[in-house]
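What follows is a single structure, written as structure tokens, with notes after it.
Any read-out appearing in this document is the output of simple, stated calculations on the displayed coordinates, not a laboratory observation. These numbers come from a predicted model, not from an experiment. Cβ placement follows ideal geometry from the backbone for every residue including glycine, while neighbour counts extend to all protein chains displayed.
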Amino acid sequence: MHRINLNLLLTLSIAVCQISYGQTLSKQVTDYVAIPDTTLVLKNVTLIDGSGGEIKYNQDILILNDRIAAIGESDEVEVLENALVVDGTGKTVIPGLIMMHEHLFHAKPFFGSYKIVQMAHTFPQMYLAGGVTTMRTAGGIEANSDLNIKNLIETGRRVGPYIDVSTPHIEREGFEEYIPQLQSLYGEESLENWLNYWFDKGATSVKVYNNLTKADLGEVIRVAHARGIKVTGHLCSITYREAAELGIDNLEHTFEASTDFVKDKPENECVYGGQSLFELEDDDPELLSLMEFLIEKNVTLTYTPVVVEPYTDREVISGGGDAALAPYLLAQMKQAHASAVNTVGDSISLVSFKQEMRRVMKFHALGGKITVGTDPTYVGKTIAGYSNQRMIEILIEAGFTIEEAIKLSSLNGAEYLEIDDERGTVEAGKKADLVLIDGDLSKDVSAIRKMEIVFKNGVGFDSARIFKSVEGQVGAY
Ligand SMILES: [Zn+2]
């Protein structure tokens, strides 16, 4: 066996890795590879395996090419003759993150509407650098570009996670004022034709948006389910209860997009629900009844706190990574941050943020299914990779244990996507999708920001090198 010094390995890019298990990697990919897929032992690590089970210490993980071959107490795992050995003392291993509300675009407000730019050249690799080995785009503004990027990654030509590509946001007229790039449906256009067009191209999830009728949603679910494809929604015109009755699989933004508590809400009409949620008590019987109904109907909720993280006492960019932004955008963000903190403050949004944490904890305690995602939209401070790391910290702030937080961010997503036989936990026999963290995550959640190597399919990518390569580019590329 060959013992290797990790720092040395990270400094000297391994130039020999042209052929990865089953495919050839382009130079654009190998430039970021720290450890090629090979016979490798991660020695003496702390393991949070994603199952929600207890943390294991002093573990050795044997990786053979693209798979985890064995895991055991240090020195129980037989180290093969030709194995590379990485000393993991003081380090933590978690599964690759599986994040469910991601986008390959960046959005920020512009005079009351949103400027949306596809981040085709930065976000895919930034997601991977932030530990995300599988992601779902929850709606696409340039869905064809999303499909191209997925294919480029899967054929070894680009760095990035596995991508479950959604359709564009399915939306009737009403929201184009805010997002002129939406692919709105007009009048009698056939939803069935439109959906099948995207399924034939390769979309594997559906995202519905604010302004649909119940008849529309029923049709979307019928067509998608006939092709074995799941439907998620950021709703407004349709209540959560109505959507669950119609058979929706997943609702975005946990309870934050619910209009179930708006008094006398007109059917099929999108009305502002924020005030009703703000006034809703934690133990309101209607809220508890809705939670129970969603659980009975097997509806998964996606929790997306990073996109609405308040300003007060918090970072300009959630999860750090200020340097990733194009300088003019960073300057704008800093100014917006300072004025929010110094003038209006954001006590209201802080209250809502905490309220939602309690609702999520309650839904979880009742047995509800929760996945997580980051949603790089809204005020523009949610940045791929950095925000995914921040997600774990917010789950701890909400009250989850680190074992639960990692499970929500890995296995739960794998189960929803029905890939849990291959991914979602660090387990012998599964694909080697895992993250080596420099620090003890079991004691200090902020260690999540110190990802050293992100393994996807057994190929280890240098997180810091990827982040470094895109500095100053986000918002533009
Ligand atoms: Zn979104």
S51 label point, 7 Å along Cα→Cβ, cut-off 12 Å on backbone N: hits in the stretch 77-98? none
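Subtract the Cα-Cα distance of E471 and T89 from 0.36 nm times their separation in residues, and report this length gain in nm to one decimal.
Working: separation 382, 0.36 × 382 = 137.52 nm, distance 3.03 nm.
Contour length minus Cα-Cα distance gives 134.5 nm.
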Loop-only check: which GluC sites (Glu not before Pro) in the stretch 159-200 are DSSP coil with at most 12 other Cβ within 10 angstrom? E173, E177, E188, E189
Expected vector for the stretch 118-132, Karplus 3J(HN,Hα) from phi with 6.51, -1.76, 1.60 and θ = phi - 60°, integer Hz, x for Gly and Pro, equals 5, 9, 4, 9, 10, 4, x, 6, 5, 4, 5, 4, x, x, 8
Do any trypsin sites (Lys or Arg not before Pro) in the stretch 187-230 lie in a loop, going by DSSP, with at most 16 other beta-carbon atoms within 10 Å of their beta carbon, and if so which? R227
Rounded to the nearest 0.05, what FRET efficiency do D440 and A365 have when you use their Cβ-Cβ distance and R0 = 41 Å? 0.90
Mind putting a number on the dipole of the stretch 209-358 about its Cα centre? Charges go on the C-beta only, +1 for Lys and Arg and -1 for Asp and Glu, and I need it in Debye to the nearest 20. 560
So the label point goes 7 Å from the Cα of R358 along Cα→C-beta, right? Which residues of the stretch 385-406 then have their backbone N under 17 Å from it? 397-400
Around H101 (Cβ within 13 Å, Cβ-to-Cβ, excluding H101; K/R +1, D/E -1) the net charge comes to -3
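How large is the helix-only mean residue ellipticity at 222 nm for the chain, computed as the sum of -39500 (n - 2.57) over DSSP H runs with n ≥ 4, divided by its residue count, in deg cm²/dmol to the nearest 500?
Values: 15 runs with 143 residues, N = 477.
Mean residue ellipticity at 222 nm (helix-derived): -8500 deg cm²/dmol.
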Along the stretch 43-50, Karplus-curve 3J(HN,Hα) (6.51, -1.76, 1.60; θ = phi - 60°) to the nearest Hz, with x for Gly and Pro, reads 9, 6, 9, 8, 10, 10, 8, x
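Estimate the FRET efficiency between E73 and E397 by the formula 1/(1 + (r/R0)^6), using the beta-carbon distance for r and 41 Å for R0, to the nearest 0.05.
Values: r = 33 Å, r/R0 = 0.79.
FRET efficiency, E73 to E397: 0.80.
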Rounded to the nearest 5, the percent of DSSP beta bridges in the chain running antiparallel is 50
A correct fewest-to-most ranking of L350, L212 by other Cβ atoms within 10 Å would be L350, L212
Can you list residues whose amide H is under 5 Å from A476's amide H, if they're 5+ apart or on another chain and H is modeled 1.01 Å from N? A326
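Filter the cross-link list K43/K430; K354/K456; K91/K407; K108/K407 down to pairs whose alpha-carbon distance in this structure exceeds 25 Å.
Numbers: K43/K430 18 Å; K354/K456 34 Å; K91/K407 19 Å; K108/K407 31 Å.
In this structure, K354/K456; K108/K407 exceed 25 Å between Cα atoms.
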Along the stretch 180-187, what does the Karplus equation 6.51 cos²θ - 1.76 cosθ + 1.60 (θ = phi - 60°) give for ³J(HN,Hα), rounded to whole Hz, x for Gly and Pro? x, 7, 4, 8, 5, 8, 10, x
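Compute the orientation-averaged projected area for the stretch 308-422 from the convex hull of its Cα atoms and round it to one decimal in nm².
8.1
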Using a simple charge model, +1 on the beta-carbon of Lys and Arg, -1 on the beta-carbon of Asp and Glu, nothing else, what dipole does the stretch 211-250 show about its Cα centre, in debye to the nearest 20? 100
The set of residues whose placed amide H lies less than 5 Å from the amide H of V435, leaving out same-chain residues fewer than 5 positions away, is I94, G96, F455
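In the stretch 359-430, what chymotrypsin sites (Phe, Trp or Tyr not before Pro) fall in a loop by DSSP, with at most 12 other Cβ atoms inside 10 Å?
On the way: sites: F363, Y378, Y386, F400, Y416; in loops: Y378, F400.
Here no loop site has a sparse enough neighbourhood.
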For the chain, the dipole about the Cα centre with charges only on Cβ (Lys and Arg +1, Asp and Glu -1), to the nearest 20 debye, works out at 1360
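Report the calculated FRET efficiency for K115 and N82 (r = Cβ-Cβ distance, R0 = 30 Å), to the nearest 0.05. Intermediate values should be presented prior to the final figure.
Details: r = 52 Å, r/R0 = 1.74.
My answer for the efficiency is 0.05.
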Under-5 Å amide H pairs with K230, H placed in peptide plane, nonlocal only: V206
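When each pair of different Cα atoms in the chain is counted once in the 1/r mean, what is the Kirkwood radius in angstroms, to one decimal? Don't skip to the answer; put the middle values down first.
On the way: mean 1/r = 0.0440 Å⁻¹.
Taking every pair of different Cα atoms in the chain, averaging 1/r and inverting gives 22.7 Å.
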Which residues among the stretch 91-107 fall inside the zone where the amide N is under 16 Å from a point 7 Å beyond the Cα of S349, along Cα→Cβ? 107
